[in-house]
Each structure stands twice: as structure tokens, then as C-alpha cells.
Amino acid sequence: CKDGGIFKKILVEGEKWENPKDLDEVFVKYEACLEDGTLISKSDGVEFTVGDGYFCPALAKAVKTMKKGEKVLLTVKPQYGFGEDGRPATGGECAVPPNATLHITLELVSWKSVSDITKDKKVLKKIVKEGEGYERPNDGTVVQVKLIGKLPDGTIFIKKGYDEEPFEFKIDEEQVIDGLDKAVKTMKKGENALITIQPEYAFGSSDSHQELAVVPANSTVYYEVEMVSFVKEKESWEMDTPQKIEAAGKKKEEGNALFKAGKFERASKRYEKAVSFIEYDSSFNDEEKKQAKLLKVNCNLNNAASKLKLKDYKQAAKLCTKVLELDSGNVKALYRRAQAYIQLVDLDLAEADIKKALEIDPDNRDVKLEYRVLKEKIKEYNKRDAQFYGNIFAKMNKLAGKQEAAPMAIDSKA
């Protein structure tokens, strides 16, 4: 702990290089004694979540520095043991005196890795059995799994892949609930995992009639999943040039369909994927470069429209800038970047884009309407500025008046 509060002496070296994290569940053996050798606590196997800790603060601190199979002797000062108060005798275990230093033999037998899939702790994946290799599915991958879905009381509401063939679905196609889709995407072949999914990523605020039971509104659900196999979509480096252009065109069309359906986040991902296929075109011939340029322009433009819908105005402006680097006179890019700049209150930049767009296409109705919006915004901000500075000047004048009046009040009283 860098403060001399816990010293760790390694008795048996561990395996590999990984250490447990706060969300992981560890299985340990330990024996804790006072300095005089009095045994105060012992366990031949206990499981706990690292972040929640167990017995005393030193166990959680130390276990995060240990490898699987490692056995250590800890010398624990009171601040990481039981502090100034000590601990009364409890459950057949001896009392710990105030300000006691402890000696703890600790062995990290194993642990189950738990990951926060959505970074908000609303979809957690606990690995029960490690998978093979390093490959994981990507968007568009067809996965084959065995799965059981349960409610908090243990009721099974779905069971698939156990009778004959494994259950098959495609990642990022809304064929399963969002939390399951996201979690399965992180699994390796042969991996077994327990997945906990909060309602926001599960069935939401309505009852849902599933295969074997009804999932009540606002339910947290639990899935046992085994990744049997998966077939990934080809990556860019696995394709020749015509295949890259064809794949980019296909992703663009998928993005367009999703955009029309109002699924802007998923549409955005499709446009990004399309551009990734043709981003590096140094090996393309002249005709292929023309096709790639057109696809880049269209995909970045459509992605900018998606980002505007998602209110990600900075990213929308960046995407339009990319288009303008390829085609400086693109009116749609100028128009959409102006829309983004207006929302970001970069009104001068917005005006410059709109004026340039109108120079190129003076009769463009959408650009003219956006110019009106911009002028209203400018009026609104000018009015707000005038009011703001007016209030400041009024306060300054009032303060100056008080300062002048103060000596007169003293004189009249004298």
C-alpha cells in the first residue's frame, strides 16, 4: 500500500501474469494469527467479490496483487486489520485486541473473472470456464450458443441449443436482447459464462412473454451461456480490392435501412464499418479509387446525419470535415457541419459554412432555412449578451452610488 501498512512475502509463486480486479470473484484459503501466534480466523476455502472484501481490508488489498496459485505471508498493521477498536470474539473465533498487528497466510486458489460489459455495471459477465485462443465475434458474426435464461427466483424463461443444434443468431441484428448481444460479443469459443442483465438492456418496463415463462416488467435477468462456435465476417485485410468495395457498399446499404428505421446508433456503426474497408486505398487503381472516394463521401455524410440525430455534434462536424477534405464544394457537408456548429454555438463557423454553401447552390431551400435558424440564434445570443452586460453595468453603477453616499451619511450623523 506504499505506506508500510501491509508487507507481503511470497511463499509459493503463482501462475501466468493476471491479477484479480474489483469485480472478480476470488476463491481463497487463509489463516490469520496475532503476533504471539494465537489463531483468530481460518478458512479452507471461501469465495468473495474483491471489491466487497472479506474478513479485514488487507485481504482485498493483497489479493489484487496476487496470481493464481500464489501463496503469501502478510504482515498487516492495524489500519488494514481491525484498527483501534479491534474485534470481539465471534462465531467461535478469538477476539482481536485494539491496535493489533496480524500475520495472515493467504492462498489465491482461483478466481472467476467478472467484466462490466456496458461500463455502467448493468451488464456483468462472469467467466465460469475460459474459452480458447484470442478470437471473439464482431458485428455481423453468426454465433452458435447454448443458453438458459432465468429470473431472479430461478424460474427458467428460455432454454435454447440443448436439444439438437445449438441456438444460432447474428451479432448486432437485434435477434436477442441488447445485453445478451453485447456480452456474447466478448466471448471466446468454448467459453462458459454467467451474464447478469439489468432491465435497461433486457426486456425493459413491460412484461415479455418468452418461450417458457413471462418475464415481468423491470426484471433483472440471468443467462448461462456456452459459446459453441462462431463464424466471423471477413476483415478488411482478408479481402482483395473488389471485395473491399463490395463489402463497403453492402454496409452502406445496411446503414441506410437502419437510418430509415430510426435506429441511428446502429446505422452509424454500419457507416463506420463501411469506411474501414476502404480507408487505406494506396493499392487501388484509378477506377477503384473513384468508387472508394464516392463511398467514403456518402458514408461519412450519412454518418454525420446519424450523429446529428444522436446529438453528437462534435463528431458530426468532424465527419463533415472529412467529406470536405475529399470534396471541398460538397453542399450537404457544409450544410450538416453548419447544423452541428449551430448546436455547438460556433456561430461564426456556421455562418461561414452556410455562406459558402449558398455561393455554390444559391437556391438550396434547406440551406436557406438553416440560415434563418442561424440568424435567430445570433439575435438570441446578442440579446442575451446585452442583458448580461446591462446587468453588470447596473450593479457597478449601484455599487458606485453606495460608495459615494457613504461619507455623506457619516457627515450628517456627526
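The values are calculated or read from the model by the stated rules, or taken from the named source; none is laboratory data. Please read these numbers as outputs of a predicted model, since none were measured by experiment. We place every Cβ from the backbone using ideal geometry, glycine too, and count neighbours over all the protein chains shown. SASA here: full protein model, heavy atoms, side chains in, ligands and nucleic acids out. Shrake-Rupley method; radii C 1.70, N 1.55, O 1.52, S 1.80 Å.
Considering only the other residues whose Cβ falls under 9 Å of the Cβ of LYS68, what net charge follows from Lys and Arg at +1 and Asp and Glu at -1?
Working: positive: LYS16, LYS67; negative: GLU15, GLU18, GLU70.
Local charge sum for LYS68: -1.
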Quick shape check on the stretch 202-329: root eigenvalues a ≥ b ≥ c of the Cα gyration tensor, a/c under 1.5 is rounded, otherwise prolate if a/b tops b/c, else oblate, and it reads oblate
Å² per residue, accessible surface of the chain at 1.4 Å: 58
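What shape does the stretch 116-231 take by its C-alpha gyration tensor, where a ≥ b ≥ c are the square roots of the eigenvalues and a/c under 1.5 counts as rounded, a/b above b/c as prolate, and the rest as oblate? Let's see the in-between values first.
Working: a/c = 1.65, a/b = 1.39, b/c = 1.19.
Because a/c hits 1.5 or more and a/b exceeds b/c, the stretch 116-231 counts as prolate.
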Compactness of the chain, expressed as Rg and Dmax over alpha-carbon positions, Å: 31.8, 105
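Using DSSP to define loop residues, name the trypsin sites (Lys or Arg not before Pro) in the stretch 264-354 whose beta-carbon has at most 11 other beta-carbon atoms within 10 Å. Mind showing how you got there, number by number?
Details: sites: ARG266, LYS269, ARG270, LYS273, LYS289, LYS290, LYS293, LYS296, LYS307, LYS309, LYS311, LYS314, LYS318, LYS322, LYS332, ARG336, ARG337; in loops: LYS311.
Those that pass, being in a loop and sparsely packed, are LYS311.
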Residue by residue through the stretch 367-372, what is 3J(HN,Hα) from phi via Karplus (6.51 cos²θ - 1.76 cosθ + 1.60, θ = phi - 60°)? Round to whole Hz and write x for glycine and proline. 5, 4, 5, 5, 5, 4
Accessible area of the stretch 6-111 with a 1.4 Å probe: how many percent of it is carbon plus sulfur? 50
Applied in sequence order to the stretch 127-137, the curve 6.51 cos²θ - 1.76 cosθ + 1.60 (Karplus, θ = phi - 60°) yields integer Hz couplings, x standing for Gly and Pro, of 7, 8, 9, 5, x, 9, x, 10, 5, 10, x
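Roughly how many percent of the accessible protein surface of the stretch 116-231 is carbon and sulfur, given a 1.4 Å probe and a whole-percent answer? Working shown, then result.
Numbers: 2710 of 5950 Å².
Carbon and sulfur atoms account for 46 percent of the accessible area of the stretch 116-231.
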Within-12-Å neighbourhood charge of THR118 [Cβ basis; K, R +1; D, E -1]: +1
Helix 264-278 versus the longest principal axis of the chain: what is the Cα-based angle in degrees, 0 to 90, to the nearest 10? 80
Counting each DSSP H run of 4 or more residues in the chain as -39500 (n - 2.57), what helix-only mean residue ellipticity at 222 nm follows after dividing by all residues, to the nearest 500 deg cm²/dmol? -13500 deg cm²/dmol
Return a whole-number percent for the relative contact order of the stretch 200-304, with Cα pairs under 8 Å and 6 or more residues apart as the contact set. 21
